[in-house]
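Just so it is clear, none of the values below were taken in a lab; they were calculated from the coordinates. Computed from a prediction, not measured in an experiment: that's the story for all the values here. For neighbour counting, all protein chains shown are included, and Cβ atoms are generated from backbone atoms with ideal geometry for every residue, glycine included.
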Amino acid sequence: MFLSFLFRVAVFFILIISATAQIAAPRPISISTQIPGQNAILMGAAWYPEQWPESRWEEDLRMMEAADMKVVRVAEFAWSRMEPAEGRYDFDWLERAINLAAKHHIVSVVGTPTATPPAWLTQKYPDTLRVESNGQRVTHGNRAHASPSSPRYRDFCRRIVEQVSMRFGHNPNVVGWQIDNEYGYALMSYDEVTRQQFQDWLKAKYKTLDNLNAHWTTSYWSQTYDNWGEIPIPIGEHNPGLMLDWKHFITYTWTSYQQNQVDVIRKNADRRQFITGNFMGFFDGFDHYPITEPLTFASWDDYVGSGHVDADYNGLSHDLTRGFKRNNFWIMETQPGAVNWSSLNNFLNRGEARAMAWQAIGHGADDVNYWQWRSALNGQEEIHGVLVGSDGTPVPFFNEVSQTAHEFARVESSFRGTAPLSQVALLYSYDSHWAIQFQKHTEKYNDIGLLKSYYRALRQISQSIDVVNAYAPLESYKLVAAPSLNVLPKDLAEHLLEYVRNGGHLVLGPRSGMKDEFNALLPQRQPGYLVDGLGARVEQYYALEKDFPVFGAWGNGLASIWAEQLKSQAPGEQVLLKYGKSNGWLDDQPAVITRAYGKGRITYVGAVLDDNLMKNAAEWMTQTSGITPVLGPVPDGVEVSRRVGPGKQVFVLINYSPDIRRVKLPHSMNLVLDRKQGDAVDLPPYGVAVALDNE
Ligand code: GLA
């Protein structure tokens, strides 16, 4: 069964044939997120049996089963129940819970409990507790209180994960593992052990202090280091090279913290059991590309917090997560109406959570789990949203979850073997993000906001976008945009130039090509190693105190927040936008330049553009690159997503506008939620349609 699934995955790829584009066919799609023998798309909840008398479990599971909920995530905070005293393990209760769930046709994901070490552990070994940057050791009683770099703590983690994976690694009802919980929000310990590890890590990276001093330019402000032991953990503002390396060290620490557990699970568990971690969208504590590398697939916890879902930002976050491993993903947790941790814990509107669940599926999620089933009667999250109230009966919100879960179960086969497929990629780089965060130059510069403005404008036309690591293979994309690729070392520039030489269209946004991988300025003007390809460079950059006019091929509009004065350096370039009368320096100077290079094209956009200009820019970019929408025109406020599989494509249409919207389909399709064929669909606010197109 599993082998045949693997075979299907391995042989599955789709060719998009374009007469004009020089770029290669899309990469094969891997769908390790769909569990053999289970529905292709699943719904579930975080369930904490350890918080309830065993006599209650059956009723919880009965309600889940009746609602078509198919997954529980269990045990992720249950260390004190699994190991009530050092070396004394008890997993019988968990086995009974998992088996009872299976009786109700519910599979389990087991969380490793390492976000919450028990009191006996932290009491006896206080060195396992984190030290905050103010020098204070944290006290027991919350979570994420252990130091991820403590060798002793890692040893305890290895032991508990060894025991739990030996017990459940062959349990047929356990489909996978979640390591830790949200990786302690990347919190670090500021103790001597960690500081020394950081110094050792630097030594392994730079080999000599001369090398480190040169890359960090420590001759500045007398920062020169004469021995490794002098190097501090940065607190507050520091040398940008040191600060970036601290981020790399945090990534290394949490990646090796994770690996400590991955190794043990891999040793003890069946290969069919996946290993994932629950990430948090654009959370930037560490670099998500290396940390997700050893996992089967990435998952994320999709919370709105205050207010209501921003479909663009949420879609972008899904696509970011899908891009971590360039694979479908899971929503390991999502908001059951309201949370308890935001400034205003308002409730989602009726229908909004269903729209969100379907949006996740459209963007490549194969499972959506609500956090949580029922609140513990005490504890920090007593008044968080739930599916079942403190009396043990469903809250009104549960009806929406159960309706959506029934829909998932009914139409799941349409999604089997499918994944999103895009012609456009946006590049994301944690190094660039951090480099800009460290030296924003203007409080208003928001690289994620800029990424979102490219995403919104380009997705409205293309209807599908991948968000990938700047170093990812790019040959399958017709258009690649990097809105703020600040850190652009030589090897990355070569990677991008190769893409362009082979026929791709690369669009760079402001602040691109300024720094090397040590966060040092490049000894060239922006965009650094791409100046020759672009045939132009940035003469000077400006943080703007007010908007400046721009005009040209993309129309008239405004540049805000940031503007760069470009200058042509080689023949063949074309100026697409210029600045109008502004600060004297920028008046009549180029703001956007494009140039054919190799078989492709490089475009540099030197300013943050207003929405209308972005729209026109996206039209130009997509037309120039030969990109067509995956479905066709849809009314404003309607989001289209497409997943493609062997011999079929399936569209998810969602209306986020406050009015009813009619979407015309290019031809008659199977409207699987409505159980009918049709070439048009009327969507009420938050309305969802799923259109299956069998080729
Ligand atoms: C996070 C955690 C959960 C829970 C929720 C509450 O995502 O992973 O354990 O605390 O937040 O919203």
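To the nearest 0.05, how large is the calculated FRET efficiency for Glu619 and Asp284 if R₀ is 30 Å and r is the Cβ-Cβ distance?
Values: r = 31 Å, r/R0 = 1.04.
E(calc), rounded to 0.05, equals 0.45.
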Could you please state, rounded to a whole Å, how far the C-alpha centre of segment 436-495 is from the C-alpha centre of segment 28-90? 37 Å
Rounded to the nearest 0.05, what FRET efficiency do Glu86 and His667 give with R0 = 51 Å and r taken as the Cβ-Cβ distance? Could you check? 0.20
Links that overshoot a 21 Å alpha carbon limit, given the list Lys325/Lys515; Lys546/Lys567; Lys103/Lys267; Lys546/Lys578: Lys325/Lys515; Lys546/Lys567; Lys103/Lys267
Full extension between Gln437 and Ala102 adds, at 0.36 nm per residue less the Cα distance, a length in nm of 115.9 nm
Summing Lys, Arg as +1 and Asp, Glu as -1, what charge do residues with Cβ under 13 Å from the Cβ of Leu94 carry, Leu94 excluded? -3
Tell me which aspartates and glutamates have Cα within less than 16 Å of Lys205's Cα, excluding those fewer than 8 residues away on the same chain? Asp245, Asp516, Glu517
How do 497-507, 518-528 rank on mean C-beta neighbours within 10 Å, highest first? 497-507, 518-528
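Highest first, please rank the peptides 89-100, 245-256, 66-77 by the mean number of other Cβ atoms sitting within 10 Å of their residues.
Details: 89-100: 16.7, 245-256: 20.7, 66-77: 23.8.
Packing proxy ranking, top to bottom: 66-77, 245-256, 89-100.
Counting pairs of alpha carbon atoms under 8 Å apart in space and at least six apart in sequence, what relative contact order in percent does the chain give? Show your work: numbers first, answer last.
Details: 1475 pairs, mean separation 80.6, N = 695.
Relative contact order comes out at 12 percent.
So if R0 is 35 Å, what FRET efficiency would Asn345 and Arg675 give, r being the distance between their Cβ atoms, rounded to the nearest 0.05?
On the way: r = 37 Å, r/R0 = 1.06.
After rounding to 0.05, the efficiency reads 0.40.
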Between rounded, prolate and oblate, where does the chain land on the alpha carbon gyration tensor, with a ≥ b ≥ c its root eigenvalues, rounded for a/c under 1.5, else prolate if a/b exceeds b/c? oblate
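As a test of the formula, what do you get for the chain when each DSSP H run with n ≥ 4 contributes -39,500 (n - 2.57) and the sum is divided by the residue count, at 222 nm and rounded to the nearest 500 deg cm²/dmol? Intermediate values should be presented prior to the final figure.
Values: 18 runs with 216 residues, N = 695.
The per-residue figure over the chain is -9500 deg cm²/dmol.
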Could you compute the net charge surrounding Gly572? Neighbours are other residues with a C-beta less than 13 Å from the C-beta of Gly572; K and R count +1, D and E count -1. 0
For Lys452, list the lysines whose Cα falls under 17 Å from its own Cα; do not include residues on the same chain fewer than 8 positions away. Lys444, Lys615
How big is the gap, in Å, between the Cα center of segment 297-357 and the Cα center of segment 627-695? 21 Å
Segment 432-530, dipole about Cα centre (Lys/Arg Cβ +1, Asp/Glu Cβ -1), debye to the nearest 20: 420 debye
Once Lys and Arg are counted +1 and Asp and Glu -1 for all other residues with Cβ under 11 Å from that of Lys490, the total becomes -4
Determine the dipole magnitude for segment 504-576: charges of +1 sit on the beta-carbon of Lys and Arg, -1 on that of Asp and Glu, nothing else is charged, the reference point is the Cα centre, and the result goes in debye to the nearest 20. 40 debye
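Nearest-5 percent of antiparallel DSSP beta bridges in the chain?
Details: 57 of 102 bridges.
If I count the DSSP bridges inside the chain, around 55 percent turn out antiparallel.
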Dipole of segment 446-529 [Lys/Arg +1, Asp/Glu -1 at C-beta], most positive-end residue of Phe518, Gly503, Ile461: Ile461
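Ranked from highest to lowest mean number of other Cβ atoms within 10 Å per residue, what is the order of the peptides 367-375, 350-358? Before the final figure, lay out each step's value.
Values: 367-375: 25.1, 350-358: 21.7.
Going by the mean number of other Cβ atoms within 10 Å, highest first, we get 367-375, 350-358.
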Taking the alpha-carbon distance from Lys581 and a cut-off under 12 Å, which aspartates and glutamates remain once sequence neighbours fewer than 8 residues away in the same chain are dropped? Asp547
Each label sits 7 Å from Cα toward the beta-carbon; between Lys581 and Gln259 the label points are separated, in nm, by 6.1 nm
Once label points are set 7 Å from the Cα along Cα→Cβ at both Glu517 and Glu498, what is their separation, rounded to one decimal in nm? 1.4 nm
Would you mind checking segment 616-635 for residues with the amide N under 20 Å from a putative spin-label position 7 Å along Cα→C-beta of Ala553? 616-628
Using 0.36 nm per residue of separation minus the Cα-Cα distance, give me the extension gain between Glu475 and Gln380 in nm, one decimal. 29.4 nm
